[in-house]
1. Of all residues being more than 12 Å from the chain's Cα centre (by Cα) and of a type outside the set (S, T, N, Q) in the range 2-17, which is farthest from residue 53 (Cα to Cα)? Just the residue, please.
2. Under 8 Å between Cβ atoms, which residue pairs at least 6 apart in sequence (or on different chains) link something in the range 42-57 that is in contact (Cβ under 8 Å) with a residue 40 or more places away in the chain with a partner that is of a type in the set (A, V, I, L, M, F, W, C) and surrounded by 16 or more Cβ atoms within 10 Å (Cβ to Cβ)?
3. Is it the case that residue 27 is under 18 Å from residue 4 (Cα atoms), modelled with pLDDT of 95 or more, surrounded by 14 or more Cβ atoms within 10 Å (Cβ to Cβ) and touching a Phe, Trp or Tyr at 6+ places or on another chain (Cβ under 8 Å)?
4. Of these, 79, 95, which one is surrounded by fewer than 17 Cβ atoms within 10 Å (Cβ to Cβ), modelled with pLDDT under 95 and among the polar types (S, T, N, Q)?
5. If you take the residues of the range 98-115 that are out of contact with any strand residue (DSSP E or B) (no Cβ under 9 Å at 6 or more places or on another chain) and assigned to a loop (DSSP other than H, G, I, E, B), which of them is modelled with the highest pLDDT?
6. Are any residues in the range 23-60 part of a loop (DSSP other than H, G, I, E, B) and of a type in the set (Ser, Thr, Tyr), and if so, which ones?
7. Would you pick out the residues in the range 1-47 that are in contact with a Leu (Cβ under 9 Å, 6 or more places away or on another chain) and farther than 29 Å from residue 57 by Cβ?
8. What is the residue count in the range 1-32 for residues that are of a type in the set (A, V, I, L, M) and within 15 Å of residue 46 (Cα to Cα)?
Amino acid sequence: DPDPLLGIYAAARLAQVLGSEGCVFTLLYVGEPDDMPAVRHPEHASWTWNSMTRSGSVVETILDVADEISADLIVMGTQGSQGFLDALRGSTTEQVLRRSLSPLLAVPERRRFKR
């Protein structure tokens, strides 16, 4: 799985560069609640960070939650295609991108952000 900090720091950096105030970030983990990685997110006086876990298909769950919360942007870390099945159907990020009504920012695993 891609490092969740990739998406977290990319989203925070984008909000900072745009001078966005009052941002609400929703960190979604698809899997068992006990397996959700502990992450530290950047602090900002006017930003709110929410975390949620859901079970089910990763792609379907991301799309459902994005619709449920009326996401302005989906941010995902990506490792790119990882084998034969990804080559056939596309990576998780590619599958979300094809079906999402929200814009998507894909952050390559090799990208690093200042914290």
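1. 17
2. Listed by first residue and then by second, the contacts come to 42/8; 42/12.
3. yes
4. After ruling out the rest, the residue left standing is 79.
5. If we take residues in the range 98-115 being out of contact with any strand residue (DSSP E or B) (no Cβ under 9 Å at 6 or more places or on another chain) and assigned to a loop (DSSP other than H, G, I, E, B), then 101 is modelled with the highest pLDDT.
6. 46, 55, 57
7. Across the range 1-47, the qualifying residue is only 20.
8. 7
The values are calculated or read from the model by the stated rules, or taken from the named source; none is laboratory data. Because the structure is predicted, anything quoted here is derived from the model rather than measured. We place every Cβ from the backbone using ideal geometry, glycine too, and count neighbours over all the protein chains shown.
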